[in-house]
1. Identify all aspartates and glutamates with a Cα-Cα distance to Lys72 below 13 Å; exclude those on the same chain that are fewer than 8 residues away in sequence.
2. Express in % the proportion of alpha carbon pairs of the chain at distances exceeding 20 Å.
3. Just report the Cα centroid separation between segment 126-189 and segment 27-79, whole Å.
4. Take the chain, connect every pair of alpha-carbon atoms lying under 10 Å apart with a spring to form a Gaussian network, then pick out the residue of Asn31, Asn149, Asn48 with the largest mean-square fluctuation.
5. So what is the relative contact order for the chain, in percent, with contacts set as C-alpha pairs under 8 Å and at least six apart?
6. Along the positive direction of the dipole of segment 1-103 (beta-carbon charges: Lys, Arg +1; Asp, Glu -1; about the Cα centre), which of Thr5, Pro16, Ala101 reaches farthest?
7. For segment 1-93, treating each Cα as an identical point scatterer without solvent, what Debye log10 I(q)/I(0) comes out at q = 0.14, 0.17, 0.18, 0.22 1/Å?
8. Helix-derived [θ] at 222 nm for the chain: sum -39500 (n - 2.57) over DSSP H runs of at least 4, divide by residue count, nearest 500?
Amino acid sequence: MKIETTKLDGVLLLTPDRFGDDRGFFSESWNKRRMAEHGLELDFVQDNHSLSSKVGTIRGLHYQTPPHAQAKLVRCGRGALFDVAVDIRAGSPTFGQWVGAELTAENGCQLLVPVGFAHGFVTRTPDTEIVYKCTDYFAPDCDRAIAHNDPALGINWGVETVSTTLSDKDASAPLLADIEPVFSWEDQK
């Protein structure tokens, strides 16, 4: 597996090896023992799978607060998406900065979004499927969101955000400056 760092400490791009023939391919998308050899000791407890039927669907920016904070390993099962992680750790030298990666069914890339980061994506093709692992269970009382179009973040989603498809929750999400700081960079160093 190829492991690439990003400008945000802890956010990684993982590209599993693929072995293909005329039938298709095989890929090991996660191996706990192999990842531990690279210092990635994550205990995934929940897998999620979502389908976005329309191009330009934005989901996020989402995160869960402690005690149910989640790290996520995100990949594209079908179609294509642009995946984003935003540092929301108070005191972090990269607080409010974001990285994005093109995840497609063809490239097999995965984005590892650690605890302390908000996550979101926009679909690039119709009927895009997103598959991701989480290190904690979904907890509605800890579920939070940040506005995808917060000018302070300046995320370039690659689509006209006025014509995107959003949930009511995402459409009314607060700005980063208005959220309660629940993650501390000092505590996660």
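FYI, it's all coordinate maths here, none of it is from the lab. Everything numeric in this text was worked out from a predicted model, so none of it was measured. No Cβ is skipped: glycine too gets one built from the backbone with ideal geometry, and neighbour counts run over all protein chains shown.
1. Leaving aside aspartates and glutamates fewer than 8 places away in the same chain, those within reach of Lys72 are Glu41, Asp43, Asp47, Asp83, Asp136.
2. Values: 9516 of 17766 pairs.
Of all Cα-Cα pairs in the chain, 54 percent lie more than 20 Å apart.
3. Result: 14 Å between the Cα centres.
4. Asn31
5. Numbers: 421 pairs, mean separation 54.4, N = 189.
Relative contact order comes out at 29 percent.
6. Ala101
7. -0.70, -1.04, -1.16, -1.54
8. Working: 3 runs with 14 residues, N = 189.
Helix contribution divided over all residues of the chain: -1500 deg cm²/dmol.
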